[in-house]
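Notes to accompany the following structure.
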Amino acid sequence: PYYVDLNQRLFLQASLHSSDQNLTLFVDTCIASPDPNNFKTLTYNLIRSGCIKDSTYDPINSSRSDVARFAFNAFSFVHRYPSVYLQCELVVCQEKDYSSRCYQGCINRFKRDVGS
C-alpha cells in the first residue's frame with residue numbers, strides 16, 4: 001500500500017520493456033474502486049477511452065514514447081472506505097502509426113437508439 005493524504009498529488013508512470021524501440025504507450029482507461037476485486041459496481045473514472053473524466057487528472061509528457069505518465073489528486077470513496085485501488089488499461093502501438101489507437105486520443109462512444 002501507498003499511504004497518502006486526501007488531495008495529495010500522486011504521480012504514476014508505466015514503462016514498456018521491449019527490445020523494439022519503435023513502440024509507444026497510451027493510457028486509455030484508469031478506473032478507481034474501493035474493492036480490489038470489483039471494478040464494476042462502485043467505481044470512479046479518472047480517464048475512460050482516452051477521455052479525461054477527473055478534473056485533477058493531468059497527463060505528463062515524457063521524452064520517451066515507451067513511458068506513459070500522469071498525475072491526479074488522491075481522493076476517498078465517501079469516507080467509508082479506507083483504500084482506493086486503481087485498474088488501468090494501456091495500449092501499445094507502433095510509433096508514428098497515426099491510424100492506431102494511441103494517436104486517436106479521446107473517443108466518445110455514443111449509445112445508439114434501437115428505435116421501436
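Key figures
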read-out	value
Accessible surface of segment 1-47 [probe 1.4 Å, protein heavy atoms]: carbon and sulfur percent	49 percent
Choice from S62, S49, S18 with maximal GNM fluctuation in the chain (Cα, 10 Å cutoff)	S18
Inter-probe distance in nm under a simple model that places probes 7 Å from Cα toward Cβ, at D5 and Q94	4.9 nm
Rg/Rg_ref, the chain, where Rg_ref = 2.2 N^0.38 Å and atoms are Cα	1.21
Relative contact order computed over the chain (Cα-Cα under 8 Å; 6+ residues apart), in percent	34 percent
Under Karplus coefficients 6.51, -1.76 and 1.60, residue-wise ³J(HN,Hα) of segment 52-64 in Hz, glycine/proline x	5, 10, 10, 5, 8, 5, 9, x, 10, 5, 10, 6, 10
Length released on extending from D58 to Y81, taking residue separation times 0.36 nm less the Cα-Cα span	5.8 nm
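The values are calculated or read from the model by the stated rules, or taken from the named source; none is laboratory data. Keep in mind that this is a model prediction, so the values were computed, not measured. Positions of Cβ are backbone-derived with ideal geometry, glycine not excepted, and every protein chain shown enters the neighbour counts. Ligands, DNA and RNA are stripped out before the accessible areas are found, and what is left, the full protein with its side chains, is counted by its heavy atoms. Shrake-Rupley method; radii C 1.70, N 1.55, O 1.52, S 1.80 Å.
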